[in-house]
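First the structure, in the form of structure tokens, and then the observations on it.
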There are 2 protein chains.
Amino acid sequence: MITENFKKISQSSNKALVDPTKKIPLRWNVGFTETKNQEPKDLFKATVPGAVQLDYATAHNWPPFYEADNFKQYDWMEDVFWIYKTSFKKPVLKAKDRLYFYAEGIDYQFEIWLNNHLIFKQEGMFTPVFTDLTEHLEKDNEISIIVYPAPKLKGVDVGRKQASQSVKPAVSYGWDWHPRLIPSGIWGHCHLEVKHYSILEDVYIDYELTDNFDSAILTVEVVGQNLDCCSYTWCMYNEDGFLISEKEDKFGDSITTELKNPQLWWPLDQGNPYLYTSIFMLKDIEGNVIDVKNQQIGLRKVELVMNSGTWELERRPMSRSYPPITIKINGREIFCKGTNWVNPEIFPGVITSKRYQKLIDRAIEANFNMLRAWGGSIIGKESFYEYCNEKGILVWTEFPLSCNNYVGTPRYLKVLEQESTSIIKRIRKHPSHVLWSGGNELFNDWSRMTDQSLALRLLNKQCYDLDQKNPFIPTAPMAGMAHGNYVFKDNETKEEVYQWISNTKATAYTEFGMPGPASVDILKKIIPENELFPPRRNTSWETHHAFGAWLGDTWLQLDLLNEYFGEAKTLEELVANGQWLQCEGYKAIYEEARRQKPYCSMAINWCFNEPWPTAANNSIISYPNIPKPSFYAVANSCRTVMASAKISKFGWVEGEIFEAELWVLNDFYKEIPDGQIQAILEIGSTYIELLTWNYSDIKVNQNLKGPTARVLLPKSNENKLTFHLKVVDKEEMNSSYTLKYDQKLERKKDDNILA
Amino acid sequence: MITENFKKISQSSNKALVDPTKKIPLRWNVGFTETKNQEPKDLFKATVPGAVQLDYATAHNWPPFYEADNFKQYDWMEDVFWIYKTSFKKPVLKAKDRLYFYAEGIDYQFEIWLNNHLIFKQEGMFTPVFTDLTEHLEKDNEISIIVYPAPKLKGVDVGRKQASQSVKPAVSYGWDWHPRLIPSGIWGHCHLEVKHYSILEDVYIDYELTDNFDSAILTVEVVGQNLDCCSYTWCMYNEDGFLISEKEDKFGDSITTELKNPQLWWPLDQGNPYLYTSIFMLKDIEGNVIDVKNQQIGLRKVELVMNSGTWELERRPMSRSYPPITIKINGREIFCKGTNWVNPEIFPGVITSKRYQKLIDRAIEANFNMLRAWGGSIIGKESFYEYCNEKGILVWTEFPLSCNNYVGTPRYLKVLEQESTSIIKRIRKHPSHVLWSGGNELFNDWSRMTDQSLALRLLNKQCYDLDQKNPFIPTAPMAGMAHGNYVFKDNETKEEVYQWISNTKATAYTEFGMPGPASVDILKKIIPENELFPPRRNTSWETHHAFGAWLGDTWLQLDLLNEYFGEAKTLEELVANGQWLQCEGYKAIYEEARRQKPYCSMAINWCFNEPWPTAANNSIISYPNIPKPSFYAVANSCRTVMASAKISKFGWVEGEIFEAELWVLNDFYKEIPDGQIQAILEIGSTYIELLTWNYSDIKVNQNLKGPTARVLLPKSNENKLTFHLKVVDKEEMNSSYTLKYDQKLERKKDDNILA
């Protein structure tokens, strides 16, 4: 991404854009010890970035951890010390040069030794290491990195609670869709750097937009070392690579510039996600460029405003109004259609920018404009945000707290302050990031944090101090918002998704799930042949979350499938039925949440992807990037402008009156011209035209409610019906819903039966 | 208070406890000008502390502002500049001495000039002035203080919204029980100080208690100037005045001491509000004491914990649990019975420590353990908190934001940061202060602030940075809490207080009102004789809030009185009826809120006192400190241990079944032995014994629900009945309820009629 822009800039400019830093790669070996001060018996090759678990498995020719229950073999690796080692010859250093060690991230607590000197130690995987080695250099040098055992709160059961005193994603400790597998080791890029002793540590371009967006004042905040005798050159380029502003000076006065009539950064489908590029160069006394920092800049204003109708909802005695959860970008309220983004890999070290890009491309294909980067997972790397910047995807970033009570002990708060500082200072630069959240589901029974929890007050303060540009919420859900349900039919109330979503009125649906099985191909890869069919507990189906994962028989929901369809005779039939429910269930929620706009402002399902192949899960994409049928169903339900039907249940019987309420859903920022929708019922080869709705012009960002179509269901031998909405001359707005049809009369459905 | 402790300390110690600071009093004159750079035409005597309005009125022999509508004459004073002037001769200064100007508070924006040098300027009344005059001293000196016009947001209607961009109590801009009268001028103590150039600016004794309260580590934070060559002596005294710890050293290392098995500070009725005294002395190189700072220290741990039953209240889809609002002191949950404390005077400059003490003594008489120092009012002076420290009263302190949207403009945030820093640093020293709130009713329709408002995020951060010892809430009410109702019978639903309080389930009732008229004596003082009876709109009844103050005909509620009692023939009859409703209404709420413990944790009425004599108001004390009958009724309902009856309505008719549910309410921290309660109905001279309840031992801090007493109401010619609960041999637990009785059968009450 940045390379692309640089190319343009290089073509249009004669500036020296090359970073003068000389980077020296390192080769690593790794081994383990039982106690800290031992030497490892055995060293083997380490891939950096990576994880010690993967290195060990490779060195010992282990089969893939995602097959069957192979992951359980990794258990012991949590509790040993891992020692990385590398050696290098002292490079040639000019008079004012220094040699630095840089690591993007080391997971989790570690010490760095150079030739038997402890030169750095840290608890925390999100704060990069940048440390000066020069003092202790010899002709031949050895660096050892001692990685401590995985952090675990003592005295609690094995599980996520063990993560509740560390700033490490809790998901690795086991979740209902994630095996217990706790990564360790160097998970970011790592090398030596020869640099001048005057350096730029951080350059942050902040900006202030006028109320009518006709001007942006940009201000540079520079953190560095030994800047006294230096000067700087600061160049701003537009998206075409042309220089639009240049400043050259000594340090001292504030560094600002004004952009008149700036191009704004807009999210997907709202305009162009316009990106400027800033190149900030540090120069020594002779004018040589000695350091460079670049930043992509998207100019946009983010507000979190009250949902329509929430001020008025009060009765005496008065409580408070629901907190705001409508995202406003550049003065425009955006209905957020999106998904919960979880870690794409068990081991974050192996995530590449390509991996991110392909997944984000899928999100765009699904017509999503928002990703909630869920707090149980890793914080996204730079390339995640960079691609979202480029594509106009909004990112809601959660700090790594999830489903635990993170008690504000002095030690925990100290690490959280350090880590949140690093996270905020990095991510605030990305226009795609638009919302901070303290973490996931922290104000609920199973977590038991409160508004008084010091950790959340600290995060609020950190965001206030470092990034007032983006709103902060302490957690999700807040009052008025909804998490759940996660099944097609509630185990207790026996309500189907169609009923409970209609009976709920939330300001934002920021988690709702609908389980579906993986494809037959995937199942065959992860489940041994002798366990494959029929699915049973205590097999690889269970370790891959088909049984006993959450409530009841999730995520496969075998009982429910049997109830709707009878016992499946083949794996293929079972998968098809499960995926059918997932498709229709997700459609029902996404479209009803959209119908509830503007009181409702978000529809974000649980979840998008998965970090290993599950047998069944709420995800719409199987690991690594294989869409389930529900992916395409969701993509359809998230089209900016579309025909939609509100349907009351899944199963229909001949002789009943089928009915569906017609809508045009519209999140577009311009008016939609009038048109015509035909409602058609298909059963087998029978097509019945129910009505034609001539809809009027549709106002900017407003839905339109139409007529209710009704028809007496005819006799047929089919077992499904499809309800079609065909938009004349606008095929791209068409929708259809495939439901269960039954020719037999069932006594329990007496109420609606006419014949 | 501090004097009392000092006396004891002086008697037991031979330390030099006298503050070496030489204070020089000043005499002031004041006048006004239309523009800033004019000299006032006329100067008259100013009382300091005080207010320019009072000085002007005194100089011009105006009648009291609280009579009739005299306050309206003060309007023009809002918009002029007020100039204070004083002169003094240069005092003799030793080599290292400096002359400082000190002012406890100047309201609101001002400049201080010495001999035509601008030496200080500030916006904000809560940050004291302490500024060095020495450089510009001449033989004869003149100080001028220019006080700017009252701050007003432009472009909005006259009223509280004008206060929404200043850190000045909004109540002065007019409220439904407060005239529009905006104080200006020097409202705190003010004098010159001759001091050494090495000074203590602030000394804060912080402490950490162990979990089992067997040790306290005290730490001193010193802010001062020119401390390099100085040493300190720090003495800690117990409540009896005996020295228990002494440290002497140079500055450098951290200053701490440990108290083993410390005495804890307990709120009223929970134990002794034990106070230690710290005396911190600054010494010059020869060992002379050159500055002294004292602090009372009450050692206690405050937590805001979840209300019982609030974690479990959830259904799918999940939102969040209600935020915590149960105060826990030293590990013990405290049910807060209290009241909303408003400014005792229109002009805060005239509030003396005596005035505070007499009002707080009343609060104690009312069995209150908590005062909510309401955010529309002034922040309490030192003597307010000192007396609460001594008496064990818990104070909930609100920042001065109320019922407005305080938009986070850079200018407002800057002043708010300065003022909140001063407020927090002062008030955190007082053990009585146990809860910070961002302000009053800010998350409601009529205010329209949200969790995103920068002002509230700033205050949360400020409290996190400066005072983690005390919890912070952004505003009241939060979710789960209740504000209102404020009338005996709801205007719309026609529900009486008995019904709506029973049908409500709140975590805390932190505002509920019940209007009542002032006594006949007071009414005769404030309402001209020709307007006195019957009360009418557009008279002094209205300017004193009897009509048109809030909804409907509040606060006199003439329509309702007529409905219950028919038209009153005399002022005395009217007042008696209004006060009767206020008594029974308040009893109903306080006692039902207590019955809802532990889900409910607070019963705090609106309001305690009033800053000028109202004709009718929710207050239970008339200005300045005259209890209404409701005061005694509330005091009864707030006894730590008492018999209580749950009654369903106010008006009863012969032939109906009267019924009442019997309870023992108990907030005591020890078990209550068993006993016997007799339920007796009194109508005229008829006494009917309904039942005797033998109640068992009552558990610590738990209520006990007893039987429901029932009786067929006999014929009588009386118009009231009284239901008595007599506790055998424990008269102090007795309760009684006086209700309306009617001999006529009314058709609308058919339901309950038997005969």
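Each value in this text was obtained by applying a stated rule to the coordinates, not by laboratory testing. What you are looking at is a predicted structure, and each value in this text was computed from that prediction instead of being measured. All Cβ positions, glycine included, derive from the backbone under ideal geometry; neighbour counts span all protein chains shown.
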Legend entry - Directionally averaged projected area (convex hull, Cα atoms, the range B:535-602), nm²: 5.7 nm²
Inset, instruction - Treating each Cα of the range B:503-627 as an identical point scatterer and ignoring solvent, apply the Debye formula and state log10 I(q)/I(0) at q = 0.17, 0.20 Å⁻¹. - result: -0.85, -1.09
Inset, instruction - Treat every Asp and Glu Cβ in the range B:305-637 as -1 and every Lys and Arg Cβ as +1, leave all other atoms uncharged, and give the resulting dipole magnitude about the Cα centre to the nearest 20 debye. - result: 1260 debye
Legend entry - Convex hull of Cα atoms in the protein assembly as shown, direction-averaged projection (nm²): 66.7 nm²
Inset, instruction - Grab the alpha carbons of the range A:303-413, take their convex hull, and tell me the volume per residue in Å³. - result: 165 Å³
Inset, instruction - Tell me the distances, shortest first, between A:Gly174 and the same position across the other copies, using label points 7 Å along Cα→Cβ, in nm to one decimal. - result: 6.6
Legend entry - For q = 0.09 Å⁻¹, Debye-computed log10 I/I(0) when each Cα of the range A:319-479 counts as one equal scatterer: -0.29
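Percent relative contact order of the range B:641-752, based on C-alpha pairs within less than 8 angstrom and at least six residues apart?
So the answer I get is 34 percent.
Taking the inverse of the average 1/r across all pairs of different Cα atoms in the range B:35-195, what Kirkwood radius in Å do you get?
17.1 Å is the Kirkwood radius here.
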Inset, instruction - Using the Cα centre as the reference, give the magnitude of the dipole from point charges on the C-beta atoms of chain B (Lys, Arg: +1; Asp, Glu: -1; all else neutral), rounded to the nearest 20 debye. - result: 440 debye
Inset, instruction - Could you state, as a whole-number percent, how many of the C-alpha pairs of chain A are farther apart than 49 Å? - result: 21 percent
Inset, instruction - Calculate I(q)/I(0) for the range B:110-223 by the Debye formula, one identical point scatterer on each C-alpha and no solvent, and give its log10 at q = 0.13, 0.18, 0.21 Å⁻¹ to two decimals. - result: -0.78, -0.99, -1.15
Inset, instruction - Grab the alpha carbons of the range B:70-132, take their convex hull, and tell me the volume per residue in Å³. - result: 128 Å³
Inset, instruction - Calculate the mean, over all residues of peptide A:441-451, of how many other protein chain Cβ atoms lie within 10 angstrom of the residue's Cβ. - result: 5
Inset, instruction - Please say if the range A:240-335 is rounded, prolate or oblate, where rounded means a/c under 1.5 for a ≥ b ≥ c the square roots of the C-alpha gyration tensor eigenvalues, and otherwise the choice is prolate for a/b larger than b/c and oblate otherwise? - result: prolate
Legend entry - the protein assembly as shown, helix-only ellipticity at 222 nm - DSSP H runs n ≥ 4, -39,500 (n - 2.57), divided by all residues, nearest 500: -5500 deg cm²/dmol
Legend entry - Rounded to whole Å, sorted largest first: equivalent-ellipsoid semi-axes of the range B:641-752, Cα gyration tensor: 29, 13, 11
Legend entry - Inter-label distance for B:Thr570 and B:Asp140, nm, one decimal - labels placed 7 Å from Cα along Cα-to-Cβ: 6.6 nm
Legend entry - Lys/Arg +1, Asp/Glu -1 at C-beta; chain A dipole; positive extreme among A:Trp265, A:Leu282, A:Trp396: A:Leu282
Legend entry - Virtual paramagnetic centre 7 Å along Cα→Cβ of B:Lys121, amide N under 17 Å, in the range B:390-417: B:411-412, B:414-415
Inset, instruction - For the range A:323-366, just the Cα set please: Rg and Dmax, both in angstrom. - result: 14.5, 39
Inset, instruction - With only alpha-carbon atoms counted, please give the Rg and Dmax of the range B:156-221, in Å. - result: 21.6, 57
Legend entry - Cα centre as origin, Lys/Arg/Asp/Glu Cβ charges: the range A:581-687 dipole, Debye: 360 debye
Inset, instruction - Run the quick spin-label model on A:Lys505 and B:Tyr669: label points 7 Å from Cα toward the beta carbon, then report their separation in nm to one decimal. - result: 4.6 nm
Inset, instruction - First select every other residue whose beta carbon is under 15 angstrom from the beta carbon of B:Tyr385; then total the charges, Lys and Arg +1, Asp and Glu -1. - result: +4
Inset, instruction - With the convex hull built on the Cα atoms of the range B:198-297, state its orientation-averaged projected area in nm². - result: 6.8 nm²
Inset, instruction - Put a label point 7 Å from Cα along the Cβ direction on A:Lys139, then list its distances to the equivalent points in the other copies in nm, shortest first. - result: 8.4
Legend entry - Contact order normalised by residue count of chain A, Cα under 8 Å, 6+ apart, percent: 10 percent
Legend entry - Cα gyration tensor category, rounded, prolate or oblate, for the range A:592-655 with a/c compared to 1.5: oblate
Legend entry - Cα gyration tensor shape for the range B:390-435, rounded if a/c is under 1.5, else prolate or oblate: oblate
Inset, instruction - Can you list the distances in nanometres, one decimal and ascending, from the B:Pro673 label point to the identical position in each other copy, with the point 7 Å along Cα to Cβ? - result: 9.2
